[in-house]
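Notes to accompany the following structure.
The values are calculated or read from the model by the stated rules, or taken from the named source; none is laboratory data. Because the structure is a prediction, the values reported are computed rather than measured. Counting neighbours? That spans all protein chains shown, and the Cβs are built from the backbone with ideal geometry, glycine included. Heads up: the accessible areas ignore ligands, DNA and RNA and are worked out on the full protein's heavy atoms, side chains in. Shrake-Rupley method; radii C 1.70, N 1.55, O 1.52, S 1.80 Å.
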Amino acid sequence: MIPLRILEQDPPVRARNSQPTGFNLWGYGVRPFFLLGSATSSVLLAVWLLSLASIRNLSPGLSGPLWHAHEMYFGFTVAIVAGFLLTAVPNWTGIPTPRGRPLAALTLTWLLGRRAWWQGSELAWGDLAFLPLLAVVLAGPLMRAGKLNNLLFLPVLGWLAVANGVFWWGIQNQQLEVSRNALSAALYALLTLIA
């Protein structure tokens, strides 16, 4: 578990000097990812209720429960994890994580993954690319600062990325039990992050 004192610390001096003066969506990782994660949870709930009422099929060729579980783990929860880590790593290391256009590009990659369900699995690459990109973005500051104890987050992000890849492989090859097992692995990875 992450000690509460880490979350309450003032930003490092280097990060404080580079803060924007007004609200800037791309100023910190927490802003776009918490905003979009919260919006995603509301949209997912509405779409899920429509699906349960049999008003709309969630995704061609995919059962509602698989869609719902994937989007709760890799849509909503991963967005919140990304927002937290992109904000916590600068506090831990004193080295900023991407802001501005690089943060916007990372956010766009996550958004492309959300579109995979509506336009077919050929857009799954956006979903598959997000977690490895996030790990690379976080690895630089953690390694440069020598924060070896916080490097634990990187293999867990890798675990999530592999689970996501296995999920999509199961969908593509109509091996739904494999996809279900991949969702279980993703749940354990998320529980590891929380613990």
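Odds and ends about this structure:
- Mean Cβ count within 10 Å, highest first, over the residues of peptides 42-48, 24-30: 24-30, 42-48
- Basic side chains Lys and Arg get +1 at the Cβ, acidic Asp and Glu get -1 at the Cβ, and with that the dipole of the stretch 45-195 about its Cα centre reaches some 380 debye.
- Backbone phi angles across the stretch 91-100, fed through the Karplus curve with coefficients 6.51, -1.76 and 1.60 (θ = phi - 60°), yield HN-Hα couplings of 5, 6, 10, x, 10, x, 8, x, 9, x Hz in residue order; Gly and Pro are listed as x.
- Rounded to whole numbers, the Karplus 3J(HN,Hα) couplings from phi for the stretch 181-186 are 5, 5, 5, 5, 4, 5 Hz, using 6.51 cos²θ - 1.76 cosθ + 1.60 with θ = phi - 60°, and x at Gly and Pro.
- Gain upon complete extension [SER184, VAL136; 0.36 nm per residue less C-alpha separation]: 14.8 nm
- Fraction of accessible area attributable to carbon and sulfur, the stretch 81-174 (%, probe 1.4 Å): 68 percent
- Based on alpha-carbon atoms, the Kirkwood radius and the radius of gyration of the stretch 78-195 give Rg/Rh equal to 1.00.
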